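Single-structure report; data block below.
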Amino acid sequence: MSESRAGAGTLFERTCRGIRGPRPPVWIMRQAGRYLPEYRKIRERVDFLTATKTPEIAARITLQPVERFPLDAAILFSDIMTPLEGMGVELDFAPGPILQEPVRSLETIRGLRPLDPDEGVPFVLETLGIVRAELRRDVSLIGFAGAPFTLFCYLVQGGGSKDFADARAFLRQEPDTAAELLQLLGTSMGRYLVAQARAGADALMLFDSWAGLLGPETYRSFVLPVVEDIVRAIRAEVDRPLIYFAHGGATLLPDIRGLDVDVVGIDWTLPLSRAVRDLGENAVVQGNLDPAALFAPRRALAASVDEVLEEGAAAAAHVFNLGHGIHRTTDPDQVAFMLDHIRERSLQSVTR
Ligand code: CP3
């Protein structure tokens, strides 16, 4: 067992496992990215794909937010679509993912290879190794993957979309072909996350950014079983806290409750106490400040942060985060203020 996991682990890892510490640990979805001038500086000379595939650069970008802010976790700088290249998908970013050819036939699907992480994404594994070696021991490193349905959305649609109408139509029109693609993605992302843990990730997160487009019926029949496969594959191989985040997934929580994950991410549309009602009082939740709250004057921002902290008290334990990715025009000073405020507030409640 490596040093970072000896004993009880970091504040972030203990909280993920349901042990409340003196304050909720904090990290920010999309914390490495365009709202940071130091990120934009690197991106002036390298494009996004090159940055994700060059371990020294990806490692630098991963470390940027934790060097600037007192965060409890770093998240690998990569994209949910990155491993798909290793499966034979041709991909570009502008700035969101675009496919050369949407995946819409059994023939195309059977032409894809299940991911072999050592061959398909060696640069990701190397990045994790570099970051873990440079990161302070009390800061955790999060590895991640896109959940099968979210990857399916981009693959079938051929790029980003508001509602992924073509992808959802494909699910109904060709359910067996769709299920085969979802399964291939499930097997591949399971292996990908296990490889990330072995390469240095202290915790793992599955982003199901578009699961909220589905009703509970469809989610249960097409999506939940492949997510369960991934969770099982990870549990069989490595011991790491596992976070599942279904953006827009408020109506799916009664089903998500049955998943064997450590933490459930909640977006900002649902108060955490209401999420706990659906997930059960033993649930550990992550979230869920509205990213737009970072644009409010400080007093209003502080009040919104307090509300999230109070709501989080309803859960067995709470990892503070935004309810979705930080917006790219966010002022980094507002982030610093938010982080100070969380620490101050938690200290007050300990000494009160
Ligand atoms: O800091 C971090 O969170 C780690 C890095 C990270 C990126 N993408 C970097 C990125 C992570 C975890 C992701 C996940 C991701 N990518 C998701 C799931 C999380 C979510 O937001 O729901 C999704 C749906 C994508 C797909 C994607 N990639 C989109 C829609 C876009 C364009 C819009 C945007 O937010 O920038 C990307 C590109 C992307 N991924 C950028 C970054 C830093 C911007 C690239 C640039 O610098 O121009």
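Couple of notes before you dig in:
- Of the accessible area of the chain, computed with a 1.4 Å probe over protein heavy atoms only, carbon and sulfur atoms account for 48 percent.
- Residue order for Tyr39, Tyr154 - accessible surface, 1.4 angstrom probe, largest first: Tyr154, Tyr39
- Highest average first, the peptides 226-232, 253-259 ordered by how many other beta carbon atoms sit within 10 Å of their residues are 226-232, 253-259.
- Taking amide H atoms as placed 1.01 Å from N in the peptide plane, the amide H of Phe93 lies under 5 Å from those of Ile98, each 5 or more residues away in sequence or on another chain.
- Angle of helix 148-157 to the longest C-alpha principal axis of the chain, folded into 0 to 90 degrees and rounded to 10: 50°.
- DSSP-defined beta bridges in the chain - what % are antiparallel, rounded to 5: 15 percent
- Between Asp163 and Ser221, the distance separating the two model label sites (each 7 Å from Cα on the Cα→Cβ line) works out to 2.0 nm.
- Additional length obtainable on full extension of the chain from Ala292 to Ser105, 0.36 nm per residue less Cα span: 63.4 nm
- Along the stretch 119-127 the Karplus relation, 6.51 cos²θ - 1.76 cosθ + 1.60 evaluated at θ = phi - 60°, assigns HN-Hα couplings of 8, x, 9, x, 5, 5, 5, 5, 4 Hz to successive residues, with x for each Gly and Pro.
- Using R0 = 45 Å, the C-beta based FRET efficiency linking Glu180 and Asp333 works out to 0.40.
- Virtual spin-label span in nm between Glu67 and Arg172, 7 Å along Cα→Cβ: 5.0 nm
- Per residue, the stretch 53-128 exposes 43 Å² of accessible surface when a 1.4 Å probe is rolled over the protein heavy atoms with every protein chain present.
- Between 0 and 90 degrees, the angle of helix 175-199 with respect to the longest Cα principal axis of the chain falls at about 50 degrees.
- Nearest-ten-degree value, helix 224-237 long axis tilted from longest Cα axis of the chain: 70 degrees
The values are calculated or read from the model by the stated rules, or taken from the named source; none is laboratory data. Everything numeric in this text was worked out from a predicted model, so none of it was measured. Don't worry about glycine lacking a Cβ; one is built from the backbone with ideal geometry, like all the others, and counts go over all protein chains shown. Quick note on the areas: whole protein, heavy atoms, side chains included, nothing else; ligands and nucleic acids left out. Shrake-Rupley method; radii C 1.70, N 1.55, O 1.52, S 1.80 Å.
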